[in-house]
1. Hey, got a sec? Which GluC sites (Glu not before Pro) in segment 40-79 land in a DSSP loop and have at most 12 other Cβ atoms within 10 Å?
2. Note the count of lysine pairs whose C-alpha atoms are less than 18 angstrom apart in the chain, limited to pairs 8 or more residues apart or on different chains.
3. Can you list residues from other chains, or at least 5 along the same chain, whose modelled amide H is less than 5 Å from the amide H of Lys56?
4. Counting helices only, and only those DSSP H runs with n ≥ 4, report the 222 nm mean residue ellipticity of the chain as the sum of -39,500 (n - 2.57) divided by its residues, in deg cm²/dmol to the nearest 500.
5. Which one, Gly38, Thr91, Ala20, is farthest towards the positive end of the dipole of segment 1-100 when Lys and Arg carry +1 and Asp and Glu -1 on their Cβ?
6. How charged is the neighbourhood of His129? Take every other residue with its Cβ under 12 Å from the Cβ of His129, and add Lys/Arg as +1 and Asp/Glu as -1.
7. About the Cα centre, and with charges only on the beta carbon of Lys, Arg (+1) and Asp, Glu (-1), how big is the dipole of the chain? Nearest 20 debye, please.
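No lab work stands behind these numbers, since they all come straight from the coordinates. As the structure is a computational prediction, the values presented were derived from the model and not from experiment. As a convention, Cβ positions derive from the backbone with ideal geometry for all residues, glycine included, and neighbour counts pool all protein chains shown.
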Amino acid sequence: MPKVTFKKNRVLPEDLTVEAEPGETILEVAAERGIPVGSNCGGVCGCSTCHVYVAKGFDALDEMEDAEADRLDRAFDVKLNSRLGCQAEVTDEDLVIDITEESLKAYFDENPDVRKHFEATGEFKFVPHHHH
Ligand code: FES
């Protein structure tokens, strides 16, 4: 099974590697474990809060469709390796993902309890969610 590593950032104290199923989106992989990737629109390509950078494995991902490219145009700090987490599907190759600041902020906005806990203790609480 492919592995997806979420890189350490101001919220995650260390790199986190999890197993994924081919065909799952990066957002699904994150949400199932409570890894902080925003999803304001619920994963339907209607926002850009699931914006991530694919630090490794970008070329292995399925190609971006026009709707995703249009959404990404309106995201913050878009780079050549930007993808929307709810649109990019894992294949059989390992990935390394860098969650954007935009996405971390959105996650905290959507999960005020997790934010409160983080602000009070400096520790991130993993709250698994299921989409669909
Ligand atoms: Fe809204 Fe991905 S969650 S575009």
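1. Sparse-neighbourhood loop GluC sites (Glu not before Pro): Glu63, Glu65.
2. Step by step, the pairs that qualify in the chain add up to 12.
3. Result for Lys56 returns Val96.
4. Result for the chain: -7500 deg cm²/dmol, rounded to the nearest 500.
5. Sorting the options by dipole projection puts first Gly38.
6. It works out to a net charge of -2.
7. Roughly 660 debye, rounded to the nearest 20.
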